[in-house]
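J.: Could you have a look at this structure, given as structure tokens, before my questions?
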Protein chains: 2
Amino acid sequence: MVETQPGALLDIALVHYPVFNRRREVIGSAVTNLDIHDIARTARTYGVRRYYLVTPYDDQQTLVAELLAHWLEGRGGQLNPARKEALELVRVVPDLAALYDRVRTARQQRPLVLATSARKQPLTKDFGVVRQGLAGGQPALILLGTAWGLAPEALAEVDAFLPPIELGGDYNHLPVRAAAAIILDRLLAR
Amino acid sequence: MVETQPGALLDIALVHYPVFNRRREVIGSAVTNLDIHDIARTARTYGVRRYYLVTPYDDQQTLVAELLAHWLEGRGGQLNPARKEALELVRVVPDLAALYDRVRTARQQRPLVLATSARKQPLTKDFGVVRQGLAGGQPALILLGTAWGLAPEALAEVDAFLPPIELGGDYNHLPVRAAAAIILDRLLAR
């Protein structure tokens, strides 16, 4: 029997709609080049199966497709094969319904759906519990928010939140790229 | 007695010279805007005392000074006070000698100097050991490399390496921004 690494049971998604802006209005945010590269490299390091970008906008989807083509088929991947290897994890989906559909089909079951937040939330699952779940064969999908975080409309299918990454301090403004790295390390590092 | 948080005993430095390029030649790399912002925000989250940028180049130093002025004295900090708070940790030094001098003066003792590497190194100190040291009052300074990592010329005053962040896998191309986040979390999270 082939042993499945816990990372292979994990999918992550960076959600660009629906999220809050700084005035807590629901918006769609722009996809940024660096979020794609940084989080893909981290996901590849930890053996995550897929890194989904959720954006409903055609122009954003086209932009990502062009960027991926440069690295996966074009000159980028020839010059930097490690970057190509990371970006092979990336997929674009138009909305959360399509995300859930893709992951459920790949897993042949519904994954545990976890959201992230910089604030304390009522329903959280500790990192240790999720870590044990992955180690025990339970697939999971983590939603990361952009801009000022996931809007309530994004939470309909969410089972629980991961705890916020903070030190009891007063500062909760981690870049999503750093939060993704810390979360994957807490869930998957040996 | 005021209890010192472990993060307050930690300084980090992002080294732009001397580092390797992809052909393992010693070069000076360019300071990037995102390394400044992301690592400052992570450092602020974990209560790190200072985040030093080491670059010998006048034009790079000027660029950083302009960027910091925008956020610390100009419009940026008014619009986004959290960003200002993070960037207040940043200092620029021309070389490692100046870095050690500054930290030694602030600490009134020589800190434990730790380097980071994506490869296994002969002399490493485990995260748990460094974590205990910080909790016990031992100041430490962590050198993070840019480009393809710290060149041997950067290691003269280094006491030990932190272990590489990898999962026994074959992929060791984490962004330095992600590595910094994971290292601080391993050393300072409660």
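J.: Quick one: count up the residues across the range B:112-131 that are over 21 Å from B:V19 (Cβ atoms) and assigned to a loop (DSSP other than H, G, I, E, B).
T.: Residues in the range B:112-131 being over 21 Å from B:V19 (Cβ atoms) and assigned to a loop (DSSP other than H, G, I, E, B): 2 in total.
J.: Could you tell me which numbered condition B:G128 fails, if it satisfies all but one of (1) closer than 18 Å to B:G7 by Cβ; (2) touching a helix residue (DSSP H, G or I) at 6+ places or on another chain (Cβ under 6 Å)?
T.: Unmet for B:G128, out of (1) closer than 18 Å to B:G7 by Cβ; (2) touching a helix residue (DSSP H, G or I) at 6+ places or on another chain (Cβ under 6 Å): (2).
J.: Still on this structure: Looking only at the range A:25-40, which residues are assigned to a loop (DSSP other than H, G, I, E, B) and away from chain B (no Cβ under 12 Å)?
T.: Correct list: A:E25, A:G28, A:S29, A:A30, A:V31.
J.: Condition check: closer than 28 Å to B:I182 by Cα, within 18 Å of the chain's Cα centre (by Cα) and of a type in the set (K, R). Does A:R22 satisfy that?
T.: No; evaluated as a whole, the condition is false for this residue.
J.: Could you list all residues from the range A:157-190 that are at the interface with chain B (Cβ under 9 Å from one of its Cβ atoms), more than 20 Å from B:K84 (Cβ to Cβ) and small (G, A, S)?
T.: A:G168, A:A179, A:A180, A:A181, A:A189
J.: Mind listing whichever residues of the range A:84-103 are part of a helix (DSSP H, G or I) and either at pLDDT below 95 or surrounded by fewer than 16 Cβ atoms within 10 Å (Cβ to Cβ) (or both)? Write out each step before concluding.
T.: Initially, the range A:84-103 is screened for residues part of a helix (DSSP H, G or I), giving A:84-87, A:96-103.
Hits for the range A:84-103 are A:A97, A:A98, A:D101.
J.: Quick one: A:A43 ticks every box in (1) among the hydrophobic types (A, V, I, L, M, F, W, C); (2) assigned to a strand (DSSP E or B); (3) within 13 Å of chain B (Cβ to nearest Cβ) bar one, so which box is it?
T.: Every listed condition holds for A:A43 apart from (2).
J.: Let me ask something else. Residues A:L187, A:L134: which one is assigned to a helix (DSSP H, G or I) and more than 14 Å from the chain's Cα centre (by Cα)?
T.: A:L134
J.: Picking from A:T116, A:T124, A:T55, which residue would you name as being within 28 Å of B:N172 (Cβ to Cβ) and in contact with a strand residue (DSSP E or B) (Cβ under 8 Å, 6 or more places away or on another chain)?
T.: So the residue among A:T116, A:T124, A:T55 that is within 28 Å of B:N172 (Cβ to Cβ) and in contact with a strand residue (DSSP E or B) (Cβ under 8 Å, 6 or more places away or on another chain) is A:T116.
J.: Return yes or no: is B:V93 more than 13 Å from chain A (Cβ to nearest Cβ) and within 14 Å of the chain's Cα centre (by Cα)?
T.: Criteria met by B:V93.
J.: May I ask you to list the residues in the range A:21-61 that are of a type in the set (A, V, I, L, M, F, W, C) and free of Cβ contacts under 8 Å to residues at least 12 places away in the same chain?
T.: none
J.: Looking at B:Y57, B:Y17 in this structure, which one is modelled with pLDDT of 95 or more, closer than 23 Å to B:L155 by Cα, among the hydroxyl-bearing types (S, T, Y) and over 17 Å from the mean Cα position of the chain (by Cα)?
T.: Only one candidate passes the filter, namely B:Y57.
J.: Residue check: is B:Q109 more than 14 Å from every other protein chain (Cβ to nearest Cβ), farther than 30 Å from B:D170 by Cβ, touching a residue at least 12 places away in the same chain (Cβ under 8 Å) and not in a helix (DSSP H, G or I)?
T.: Considered against the rule, which asks whether it is more than 14 Å from every other protein chain (Cβ to nearest Cβ), farther than 30 Å from B:D170 by Cβ, touching a residue at least 12 places away in the same chain (Cβ under 8 Å) and not in a helix (DSSP H, G or I), B:Q109 comes out as yes.
J.: Moving to a separate point now. Of the residues that make up the range B:151-164, is at least one part of a helix (DSSP H, G or I) and more than 14 Å from the chain's Cα centre (by Cα)?
T.: yes
J.: Looking only at residues in the range A:46-90 that are within 14 Å of another protein chain (Cβ to nearest Cβ) and acidic (D, E), which one is farthest from A:T146 (Cα to Cα)?
T.: Restricting to residues being within 14 Å of another protein chain (Cβ to nearest Cβ) and acidic (D, E), the top hit is A:E85.
J.: Can you report the number of residues in the range B:40-77 which are in contact with a Lys or Arg (Cβ under 8 Å, 6 or more places away or on another chain) and over 18 Å from B:V176 (Cβ atoms)?
T.: Residues in the range B:40-77 being in contact with a Lys or Arg (Cβ under 8 Å, 6 or more places away or on another chain) and over 18 Å from B:V176 (Cβ atoms): 4 in total.
J.: Counting only residues that are more than 14 Å from chain B (Cβ to nearest Cβ) and not in a loop (DSSP other than H, G, I, E, B), which one in the range A:137-150 is farthest from A:V48 (Cα to Cα)?
T.: Per the stated criteria, the residue is A:L150.
J.: Is it true that B:Y46 is hydroxyl-bearing (S, T, Y), over 24 Å from B:L174 (Cα atoms) and within 15 Å of the chain's Cα centre (by Cα)?
T.: Answer is no for this residue.
The values are calculated or read from the model by the stated rules, or taken from the named source; none is laboratory data. Since we're looking at a predicted model, the values are computed, not measured. In this analysis, Cβ positions are derived from the backbone assuming ideal geometry, glycine residues included, and neighbour counts consider all displayed protein chains.
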